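Worksheet: one structure, shown below.
What follows is calculated from the coordinates using simple rules that are stated; it is not laboratory data. Quantities reported herein were computed from a predicted structural model and do not represent experimental measurements. With ideal geometry, Cβ positions are generated from the backbone for all residues, glycine too; neighbour counts draw on all protein chains shown.
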Amino acid sequence: MHDIVNLPVFLLAVLGLCAMPGPDFLYIAGRTLAQGRRAGMVSALGANCGAAVHVSLAAFGLSAFLAASAGAFMLLKLAGAAYLVFLGVQTLLRKPARPDLPEEERSVRDGRLFVQGLLTDVLNPKAALFFLAFLPQFIRPDAADKLGAFLTLGAMVLGCTLLWDTGWCWRRIVWRCTCGARRRGFMAGRWPDRMLGGLFLGLGVALGCEEL
């Protein structure tokens with residue numbers, strides 16, 4: 001830890017970032033509202049594993065290629081946007097899932113949701129550039145182990161993000177909203193899939209159309 005500077009400031013900055021809803025939070029919240037707490041938690045685990053991929057790439061310098069190549073950045077950005085649009089169309093067209101799925105089918109669905117959450121984050125080039133630009137600000141220029149310090153800071157970000165998503169947001173906000181909506185009949189039939197599909201389409205279009 002002696003290679004890390006301004007740790008309190010770093011932790012405050014991370015908490016501030018967690019409190020700002022971004023594409024990952026909207027994706028996870030949409031899954032939770034439409035498919036329940038278990039689906040949301042699996043999606044959060046997948047998204048955080050995708051963020052771990054970006055931390056690893058940035059730590060070993062590979063993300064610098066995205067920062068230096070506008071073409072590579074644009075290609076990854078469009079791939080991420082296309083994937084979200086694909087998820088949106090797929091969600092709008094699928095049949096409503098049965099609430100009493102057998103455990104074996106639930107496991108298959110969980111695996112699919114995990115991979116989708118993983119790809120949603122991996123295909124977001126701004127996440128790669130964020131870690132590359134943010135974490136080095138809190139590492140001493142003369143640090144003996146810059147790689148270790150970078151990975152430590154990255155693990156802190158991932159831990160805070162996962163705790164925020166699974167603990168505070170779902171238990172106190174999203175899950176209560178979901179239960180209330182279900183009691184009032186708003187989450188019946190195809191409405192959950194329509195809302196979730198529309199959310200994915202909106203995120204995909206926004207990611208693809210926003211200015212670099």
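Computed from the C-beta positions of LEU12 and VAL115, the FRET efficiency with R₀ = 25 Å rounds to 0.15.
Among residues other than ALA128 with Cβ under 13 Å from its Cβ, the summed charge is +1 (Lys and Arg +1, Asp and Glu -1). Each other residue within a Cβ distance under 13 Å of LEU162 adds +1 if Lys or Arg and -1 if Asp or Glu, for a net charge of -3.
All other residues whose Cβ lies under 14 angstrom from that of LEU26 are scored, Lys and Arg at +1 and Asp and Glu at -1, for a net of -2.
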